[in-house]
Amino acid sequence: MDTQPTPEFGFLSEEAFVCRLHLEQRRTERSRRPFVFMLLESSLLMARRKNESRQTILEALASSVRETDIRGWYEDGLKIGLIFTEIGKDSGHAVGEHLSRKILGVLETHLGSDISKVHLSFFVFPEDWDKNSEATPGLLYADSARRRRAAQALKRVLDVGGSLAAIAVASPVFVLIGAAVKLTSPGPIFFRQERVGQYGQRFSFLKFRSMHVNSNHAIHREYVQDYINGTGKPQSTVDGTAKTVFKLTADPRITPLGKFLRRTSLDEIPQFFNVLMGDMSLVGPRPPIPYEVESYDIWHRRRLLGVKPGITGLWQVNGRSRTTFDEMVRLDLQYAKSWSVWMDLKILLRTPRAVLAGDGAY
């Protein structure tokens, strides 16, 4: 059954509305002028046939917004989306609250007691880029991904199957590395760190501990923020040349064993458990630390939206730490736009060679 409502009162179809939403996001990334995205949910909209309350809502909304504002259907025609542009750089939430009060007031006049069946929420882009509900993650970034649910399900099957197989095969290595970490430096075997996942959601990231306990992370924070901003200084690398790379090449926090684990990427093995828990995928962008995201430009955040973060990815097999941060983000965006199960398999097959080469691993 066709779920796209017939356009009424200037409301765009869902496909057209989402296209306009993406266009406004791109404009904001260039101009840095925010917009307010408002979402109206109501059981009164769920009837496929025209009814008085539904028509009243549509007519009231159409008469209370500007001609330049964008209105359309959302979430399979069960919700209405409104986009308010040209709101000023510093007034997004104030405008959103004002618009919410105004629209609810207009609807209450027309609906009376039925206003209790209407729920209105708003988001300011780009400030609220990671503000999502558990039921509808990535609210501001609905795209063709939901039309690829079969491929996503297959990707999840690959993730679970591949992780279980890797854990089973690597179990002896787990024991040996765990014992080596415990015997060579005081502290826990595993290192847990908060990372930023898809749609800005936080999760606990696992690695074998390669650093001294209670290390000061300020040196890494300063370095990585300079690298993201394009002001990083060249470092001496294993081939004797000076390059600007993503990781610190002479990190005083790293233990002697940790240097070997990082060089061989063996410290990454526990992330297969992150994949099993659904926080990560086998293939995807590298999950950043929250203070890295603080230095992101608006367009950089898109690398956290299309797919889940991964253990390996297009960036890792195409230059690893040798690329600039902007180039790394473009590779992540390229992957998110064109990923497929076949592409994941090719990246997984290329990963061992990249690991053995050790290019960019420090």
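The values are calculated or read from the model by the stated rules, or taken from the named source; none is laboratory data. Fair warning: this is a prediction, and the values are worked out from it, not measured in the lab. Every residue, glycine as well, gets a Cβ built from its backbone with ideal geometry; the counts of neighbours run over all protein chains shown.
Mind checking which helices (runs of 4 or more DSSP H) fall wholly inside segment 277-355 and carry at least 3 residues that are among the aliphatic types (A, V, I, L, M)?
Details: elements: 290-293, 314-317, 325-338.
Those helices (runs of 4 or more DSSP H) span 325-338.
Every residue in segment 199-216 that is assigned to a loop (DSSP other than H, G, I, E, B) and either touching a residue at least 40 places away in the same chain (Cβ under 8 Å) or farther than 27 Å from Thr184 by Cα (or both), please. Spell out how you get there, then give the answer.
The first filter runs over segment 199-216 and keeps only residues assigned to a loop (DSSP other than H, G, I, E, B), leaving 201, 209-210, 212-216.
If the condition is that a residue be assigned to a loop (DSSP other than H, G, I, E, B) and either touching a residue at least 40 places away in the same chain (Cβ under 8 Å) or farther than 27 Å from Thr184 by Cα (or both), then Gln201, Arg209, Ser210, His212 are the ones that fit.
For segment 57-96, enumerate the residues that are assigned to a loop (DSSP other than H, G, I, E, B), touching a strand residue (DSSP E or B) at 6+ places or on another chain (Cβ under 7 Å) and under 19 Å from Glu14 (Cα atoms). Selection gives Val65, Asp69, Thr85.
Look through segment 66-93, keep the residues that are surrounded by 13 or more Cβ atoms within 10 Å (Cβ to Cβ) and free of Cβ contacts under 8 Å to residues at least 24 places away in the same chain, and return whichever of them is farthest from the chain's Cα centre (by Cα). Restricting to residues being surrounded by 13 or more Cβ atoms within 10 Å (Cβ to Cβ) and free of Cβ contacts under 8 Å to residues at least 24 places away in the same chain, the top hit is Asp69. Determine if segment 39-56 includes at least one residue that is at pLDDT 90 or above, outside any loop (DSSP other than H, G, I, E, B) and among the hydrophobic types (A, V, I, L, M, F, W, C). Checking segment 39-56: at least one residue is at pLDDT 90 or above, outside any loop (DSSP other than H, G, I, E, B) and among the hydrophobic types (A, V, I, L, M, F, W, C).
Identify the residue in segment 124-145 that is in a helix (DSSP H, G or I) and at pLDDT 55 or above and, among all such residues, is surrounded by the fewest Cβ atoms within 10 Å (Cβ to Cβ).
Step one: of segment 124-145, the residues in a helix (DSSP H, G or I) are 139-141, 144-145.
So of that shortlist, the ones also at pLDDT 55 or above come out as 139-141.
On the way: Leu139: 19, Leu140: 21, Tyr141: 21.
Here the residue is Leu139.
If you go through segment 332-355 and keep only what is at pLDDT 90 or above and either over 15 Å from Val283 (Cα atoms) or crowded, with 20+ Cβ neighbours inside 10 Å (or both), you end up with Asp332, Tyr335, Asp344, Ile347.
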